[in-house]
Structures are given as C-alpha cells and as structure tokens.
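*Asks:* Take this structure, written in structure tokens, and hold onto it; I'll ask about it next.
The values are calculated or read from the model by the stated rules, or taken from the named source; none is laboratory data. As the structure is a computational prediction, the values presented were derived from the model and not from experiment. Here the Cβ is made from the backbone with ideal geometry for all residues, glycine too, and neighbour counts use every protein chain on show. Heads up: the accessible areas ignore ligands, DNA and RNA and are worked out on the full protein's heavy atoms, side chains in. Shrake-Rupley method; radii C 1.70, N 1.55, O 1.52, S 1.80 Å.
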Amino acid sequence: MWQGFPLFPEQASSLAARVDEFYIFMWLVTAFFTVTISATMLYFAVRYRRRRADERPGEIHGSLALELTWTIIPLLIVVVMFVWATLLFFAQRRTPDDAMQVTVVGKRWMWKLQHMTGQREINELHVPVGKAVRLMLTSEDTIHSFYVPAFRMKMDAVPGRYNETWFRATKPGKYHIFCAEYCGTEHSGMIGWVYAMEPTDYQLWLAGGPAPVSLAEMGQKLFAERNCATCHTPQGAGRGPVLNGLPGSKVLLQGGEEWVADDTYLRESILRPSAKIVSGYQPVMPTFQGQLGEEDLAALIAYIKSLPAAAGDAAGRPSSNVPASK
Ligand code: CUA
C-alpha cells in the first residue's frame with residue numbers, strides 16, 4: 001500500500017542505509033522528548049492547578065540529583081550523535097582510492113558529465129554497480145547542487161572551483177538526479193537520471209557509440225594547440241614550472257608559502273596564472289580566462305595528471321616541486 005507513497009527514497013548506494021539509520025535515530029530521540037515533555041506539561045498543568053484563591057505552593061530550593069540527571073543524560077545522547085555523525089561524515093568525504101572519475105559541469109539548466117575515458121553525457125550518467133565513482137563538480141555560471149536521493153548524496157557545483165564527492169551504487173536501476181540549489185527559472189527542470197548497470201552491461205554501453213577520445217588525450221591536444229610546452233618543458237629549463245609530478249604535490253610559492261597543487265590550484269593557475277606564482281619564476285604566463293571552457297580545463301588537468309611523474313632534467317637535477325609528505 002506504500003508503493004505509491006514512499007516515505008524514503010530507494011536505498012541504492014553503499015551509504016544510503018547508514019544515512020537512514022542515523023536519520024531514524026535522530027528522529028526517534030526528537031520524537032521521544034517531544035512527546036514526553038508535552039505530556040508531562042499537560043499532566044502537571046492539570047494535577048497541580050490552583051484550587052483555592054489563597055493557595056500558595058511551597059518553595060523549592062533546587063535538587064542536585066535532578067540537575068545532574070538532566071545534564072548527564074542529554075550530554076551522553078549528544079555525544080552519541082556527534083560520534084555517529086562524524087563517522088558517517090568521514091565515510092562520505094573520503095573517496096576510495098580505486099574510484100573511477102566523472103567530471104560534472106552544471107550549467108543553466110543542464111548537467112554535463114564526462115567520463116575519463118571520454119564519453120560525454122547530458123542529464124544522464126551511466127555507472128557500473130559496485131564501483132566507487134568520484135564526482136568532480138564545477139559550474140559554468142551560478143551555484144547548482146547535484147543531488148541523487150537514492151544515493152543519499154548531494155554536493156554543490158560552484159563556479160571557479162572543484163568540489164569532490166563520491167558514491168557506490170549497490171543495485172541496478174534508474175535513479176533521479178535533481179538540482180538542489182535554486183538557479184533560475186528552469187531550476188526545477190534541471191533533472192536527469194543515473195543508470196546503475198551490471199558491470200557487463202556497462203562495458204557494452206562503453207563499447208557502443210563512436211570510439212571516444214579520452215579526457216587526457218583531449219588535454220594533450222589542447223596543450224599542443226595552446227603552445228603550453230614552449231614554457232612547461234619536462235626538463236625544467238623552461239620559463240614555467242615542470243608539470244610532471246606536480247598534481248597533488250606541494251609547491252613553494254613566491255613569498256615562502258607552500259600550496260598543495262590540487263585540481264582547483266591547477267584550474268586557477270591556467271585561468272589566472274599570476275594568482276599564485278611558483279618561487280623562482282616570473283609572472284609571464286598569459287591568462288586563459290574566457291578562452292577555455294570547463295570541459296577544456298578538465299581535459300588539461302587530466303592530461304597534466306597523466307604525465308609521467310618522473311620530473312627532473314637529463315642531468316638528474318630535481319624540479320622545483322617539493323614532493324608532498326603524505
Ligand atoms: Cu541548477 Cu538549480
């Protein structure tokens with residue numbers, strides 16, 4: 001009888017059941033205290049009502065036992081909530097290492113998704129069941145939010161930076177994508193579907209359609225077209241820093257600050273090169289603001305990440321990049 005009126009969306013990801021359990025726990029605690037306190041208030045109002053005009057109750061000078069009870073019990077309850085929620089938060093924030101990556105670009109009013117292998121989709125995302133999927137989200141205009149209720153997963157797509165989240169679909173099916181951040185007149189129409197497929201079906205889906213060019217290959221082409229290699233040589237003698245081994249490492253900036261070269265840093269360094277100048281280099285790189293779209297940027301970053309990490313020139317001198325101490 002509840003078929004047409006589900007209280008909860010389907011549980012279709014590895015974290016969905018855990019999110020629901022925590023939600024139900026919070027709901028039960030809240031319901032218990034709401035009912036108990038309301039009932040006690042009603043009972044006391046009737047039981048201790050004033051019966052005669054000259055009736056005066058005796059004064060109460062406090063009770064240590066009572067005060068300890070109503071301090072310690074709520075404290076224990078909120079500590080349980082805190083620890084439970086924190087464990088869940090970490091599970092949601094830490095993407096498994098074996099995750100496959102999909103770039104998600106929000107744009108009024110659609111979702112553009114791109115697989116590392118090159119497949120592009122609009123308002124649809126095909127993924128294999130059982131495989132962790134890392135989403136790198138950004139936006140071309142305003143803030144959007146990528147929401148898949150069946151996965152209990154939601155992450156904002158913010159212009160100018162990358163946000164990361166992940167999910168692991170646990171059963172094949174078709175699950176709604178919503179935009180969960182008001183973004184204009186057709187916000188409500190900014191919807192789509194995730195297709196969670198058996199791995200064999202997913203392979204068939206990948207094999208269908210024209211042979212795609214991988215994201216890194218697209219980036220390599222752009223890298224050549226934009227003459228990036230003129231300055232960013234793998235040998236370290238160019239006017240720009242060596243890019244091999246750069247992603248994820250720490251760079252020393254002018255002024256002595258260290259910065260982790262994550263995707264957002266790489267993106268900014270392409271669009272606004274003078275924002276963070278690497279120590280020992282001049283601010284000579286032209287800006288690519290307005291010339292490269294979000295998909296171009298994702299491709300360039302994928303290419304830079306695909307470069308062999310072995311940095312340093314033929315003489316064996318290390319590059320200026322300080323390796324990250326992980
Ligand atoms: Cu995009 Cu709301």
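*Asks:* Expressed as a whole number of Å, what is the distance separating the alpha-carbon centroids of region 173-246 and region 7-38?
*Replies:* 37 Å
*Asks:* With a 1.4 Å probe and every protein chain left in place, tell me how much accessible area residue 87 has, in Å² to the nearest 10.
*Replies:* Answer for residue 87: close to 110 Å² accessible.
*Asks:* For region 22-32, take each phi angle, set θ = phi - 60°, evaluate the Karplus expression 6.51 cos²θ - 1.76 cosθ + 1.60, and give the result in whole Hz per residue in order, putting x for glycine and proline.
*Replies:* Each residue's phi maps through the Karplus curve to give 5, 4, 5, 4, 4, 5, 5, 4, 4, 5, 4 Hz.
*Asks:* With a 10 Å radius around each residue's Cβ, average the other Cβ atoms per peptide and rank 238-246, 35-43, highest first.
*Replies:* Result, highest mean Cβ count within 10 Å first: 238-246, 35-43.
*Asks:* Give the long-range amide H neighbours of residue 101: residues separated by 5 or more places, or on another chain, with amide H under 5 Å away, using H modelled in the peptide plane at 1.01 Å from N.
*Replies:* Residues meeting the criterion, in which the H sits 1.01 Å from N, are 116, 134.
*Asks:* Quick one: what are the phi-derived ³J(HN,Hα) couplings along region 185-193, Karplus 6.51/-1.76/1.60 with θ = phi - 60°, whole Hz, x for glycine and proline?
*Replies:* In residue order, the calculated couplings are 4, 9, 3, 5, x, 8, 10, x, 9 Hz.
*Asks:* Next question, about the same structure. Quick check: with the 1.4 Å probe, what order do 97, 263 take by accessible area, largest first?
*Replies:* Sorted descending by solvent-accessible area, the residues read 97, 263.
*Asks:* Here's a follow-up. From the backbone phi of region 151-164, what are the Karplus-calculated ³J(HN,Hα) couplings (6.51 cos²θ - 1.76 cosθ + 1.60, θ = phi - 60°) in whole Hz, Gly and Pro given as x?
*Replies:* Ordered by residue, 3J(HN,Hα) equals 9, 6, 10, 8, 8, 5, 9, 10, x, x, 7, 9, 10, 10 Hz.
*Asks:* Can you give the accessible area of residue 183, probe radius 1.4 Å, in Å² rounded to 10?
*Replies:* 10 Å²
*Asks:* Further question: Compare 95, 69 by solvent-accessible area with a 1.4 Å probe and give them largest first, with all protein chains kept in place.
*Replies:* From most exposed to least exposed: 69, 95.
*Asks:* Under 8 Å for C-alpha pairs, at least 6 residues apart: give me the relative contact order for the chain, rounded to a whole percent.
*Replies:* 15 percent
*Asks:* Would you work out the charge dipole size for region 100-208 about its Cα centre, treating the Cβ of every Lys and Arg as +1 and the Cβ of every Asp and Glu as -1, and quote it to the nearest 20 debye?
*Replies:* Dipole size: approximately 240 debye.
*Asks:* Return the Cα extents of region 3-131 along principal axes one, two and three, sorted largest first, each rounded to a whole Å.
*Replies:* 85, 34, 30 Å, listed from the longest principal axis down.
*Asks:* Could you pull out every residue, at least 5 positions away or on a different chain, whose amide H is within less than 5 Å of the one on residue 111? Hs are placed 1.01 Å off N in the peptide plane, and Pro or chain starts have none.
*Replies:* 123
*Asks:* How many percent of the accessible area of the chain is carbon or sulfur, using a 1.4 Å probe?
*Replies:* The computed percentage sits at 61.
*Asks:* Keeping every protein chain in place, order 281, 195 by accessible area at 1.4 Å, biggest value first, i.e. largest first.
*Replies:* Of 281, 195, the descending order of accessible area is 195, 281.
*Asks:* Also, quick follow-up: Quick one: which residues, 5+ away or cross-chain, put their amide H under 5 Å from the amide H of residue 248? H built at 1.01 Å from N.
*Replies:* Long-range HN contacts for residue 248: 261, 262.
*Asks:* Moving on to the next point. On full extension of the chain, what length is gained from residue 120 through residue 98, given 0.36 nm per residue of separation minus the C-alpha to C-alpha distance?
*Replies:* Result: 5.8 nm gained on full extension.
*Asks:* Residue 24: accessible area at probe 1.4 Å, nearest 10 Å²?
*Replies:* So the heavy atoms of residue 24 present about 80 Å² to solvent.
*Asks:* Let me ask another. So with the 1.4 Å probe, I'd like the accessible area per residue for region 190-265, rounded to whole Å².
*Replies:* Result: 54 Å² per residue.
*Asks:* Expressed as an acute angle from 0 to 90° and rounded to the nearest 10, what is the orientation of the C-alpha long axis of helix 294-306 relative to the principal long axis of the chain?
*Replies:* The helix 294-306 is inclined about 70 degrees to the chain.
*Asks:* Defining a contact as two alpha carbons under 8 Å apart and six or more residues distant in sequence, what relative contact order in percent does region 1-130 show?
*Replies:* For region 1-130, the relative contact order is 14 percent.
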